[in-house]
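Asker: Submitted below is the structure of interest, expressed as structure tokens.
Computed from the coordinates by the stated procedures, all read-outs in this text should not be read as laboratory data. Just so you know, these numbers come straight off a predicted model, no measurement behind them. Reconstructed Cβ throughout: ideal geometry from the backbone, glycine too, with neighbour counts over all protein chains shown.
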Protein chains: 2
Amino acid sequence: MGQDEAGKPGPRRNAVATRARILEAARFHFARAGYDQVGMRQIAVTARVDAALIVRYFGSKEALFREVMAKGFQLGDDFLSGGREGLGERLVRYVAAKAGANRDMDPVLILLRSGSNEQAGSILRQGLDEGFVQPLARWLGGNHAPERAGLIASTLFGLAFMREVVRIEPLAEADIDRLVALVAPALQRYVDGSDPA
Amino acid sequence: MGQDEAGKPGPRRNAVATRARILEAARFHFARAGYDQVGMRQIAVTARVDAALIVRYFGSKEALFREVMAKGFQLGDDFLSGGREGLGERLVRYVAAKAGANRDMDPVLILLRSGSNEQAGSILRQGLDEGFVQPLARWLGGNHAPERAGLIASTLFGLAFMREVVRIEPLAEADIDRLVALVAPALQRYVDGSDPA
């Protein structure tokens, strides 16, 4: 551990940790109950802060939701730095592991439970588009990159949804290696742009 | 037209028409607002019947929802009677046309807006499984048919969701022929069982 971790936290460090705790609590509640049903007070209780502090840090519930969703779908650098080969497999592993590890925190559930609210829906759309689809399309390049990136998002979403929400067998309980064998080839075709389209 | 259509409707004919009208009204409201938010009275008003009649015909809101969902995902005979060749294309056309024609009545929206209610979720799961995934798996046959059928459902759901709910371009506004070119090959591979898995 560095000196920073061992030493007494200063006010700046505290503020960063508090912000992170608020975001985590917000994400948890939005995933569980959906945008409409969640109040600032619930988030404040879970984050162990005063509701007024949330307003001071983030401004409003809408702004807080926007910040949660800007991170919710963000395509990590580790996917892309691994290169084009095997990207289909890495994406399947990521979605499957995430779903297994922590159902309550999944952005898929937030989408599902908040997507019908008009305001939240447009924030979700923007988060998924700017955080995932557009960067992936730029990175993929080649013919029809935005369509291919959209189809990758659509395939992953369908998979997460079948496993987490609909839970129809045998997909719901299939282990990760099996899912990779089943879904990665279709994703990799979109990555490589190898289907005639 | 047969005599039945031209003649004065008898009580039996009336009952059939009334049941159909109630089911249509229920489907409309469940798709718009989700299972939790819909009351018998709203459905009765739209169907132009007394709420007590709905209870007499269907028993309860849960039973009504079950009946709506048993039909919501039903795989039509026309898909399968067309044979294996081109089934991927027919399924894409069906989902795309349905979404375009009548957004408010789509079972995808019902799934989305009712899936987080535990009771409704289990009815939805059963409707999708018994109405679509299982019959498709039996018809497909061959290796891993239940997984392939599940992946077809997952792919179609992802597509409908991206178009109807998330509405990210260019997928959201892509015309049907374009969608067929983009998605049918992946579906057809699941139909044919041609990916190594």
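Asker: Consider the operator that turns chain B into chain A: which B residue has a Cβ nearest its axis, and what is that gap in Å?
Answerer: Minimum Cβ distance to the axis, with residue: B:Gly158, 1.
Asker: Also: Taking other Cβ within 10 Å of each residue's Cβ, how do A:Ser194, A:Ser81, A:Ser154 sort, fewest first?
Answerer: So the residues, fewest neighbours to most, are A:Ser81, A:Ser194, A:Ser154.
Asker: May I ask for the Rg/Rh ratio of the range B:3-66, computed from Cα atoms with Rh as the Kirkwood radius, given to two decimals?
Answerer: For the range B:3-66, the value is 1.04.
Asker: Same structure, new question: May I ask you to derive the FRET efficiency for A:Ala70 and A:Ile176 from their Cβ-Cβ distance with R0 = 35 Å, giving the value to the nearest 0.05?
Answerer: Plugging the Cβ-Cβ distance into 1/(1 + (r/R0)^6) gives 0.80.
Asker: Quick check for the protein assembly as shown: number of Lys pairs with alpha-carbon distance under 26 Å, counting only pairs 8 or more apart or on different chains? Could you put the intermediate results ahead of the total?
Answerer: Values: A:Lys61/A:Lys71; A:Lys61/A:Lys98; A:Lys71/A:Lys98; B:Lys61/B:Lys71; B:Lys61/B:Lys98; B:Lys71/B:Lys98.
The number of close lysine pairs in the protein assembly as shown is 6.
Asker: Please work out the FRET efficiency for the pair B:Ala63 and B:Arg138, using the Cβ-Cβ distance as r and a Förster radius of 30 Å; give the result to the nearest 0.05. Write out the running numbers ahead of the final one.
Answerer: Details: r = 27 Å, r/R0 = 0.89.
With R0 = 30 Å, the Cβ-Cβ based efficiency is 0.65.
Asker: Let me ask another. Using a label position 7 Å from Cα in the Cα→Cβ direction, what is the ascending list of nm distances from A:Ala172 to the same site in the other copies?
Answerer: 3.1
Asker: Using only the Cα atoms of the protein assembly as shown, what semi-axes does the equivalent ellipsoid have when each is the square root of 5 times a gyration tensor eigenvalue? Give whole Å, largest first.
Answerer: 39, 30, 17
Asker: Report the longest stretch of chain A that contains none of the GluC sites (Glu not before Pro) sitting in a DSSP loop with at most 12 other Cβ atoms within 10 Å.
Answerer: Between the exposed loop sites, the longest stretch runs A:86-172.
Asker: Turning to a different aspect of this structure: Could you tell me how many degrees, from 0 to 90 and to the nearest 10, lie between the Cα long axis of helix A:11-33 and the main elongation axis, the longest principal axis, of the Cα atoms of chain A?
Answerer: 60
Asker: Consider just the alpha-carbon atoms of the range B:73-192 and return their Rg together with their Dmax, both in angstrom.
Answerer: Both quantities, over Cα of the range B:73-192: 14.1, 38 Å.
Asker: Report the relative contact order of chain B, percent, no decimals, based on alpha-carbon pairs under 8 angstrom and at least 6 residues apart.
Answerer: Values: 191 pairs, mean separation 48.1, N = 197.
Over chain B, the number comes to 24 percent.
Asker: Now for a separate question. Does anyone have the angle between helix B:61-72 and the longest principal axis of chain B? Alpha-carbon axes, 0 to 90°, nearest 10?
Answerer: 40
Asker: While we're looking at this one, here's another question. Using only DSSP helix segments of four residues or longer, with each worth -39500 (n - 2.57), what per-residue ellipticity at 222 nm results for the protein assembly as shown after dividing by its residue count and rounding to 500?
Answerer: Computed mean residue ellipticity for the protein assembly as shown: -21000 deg cm²/dmol.
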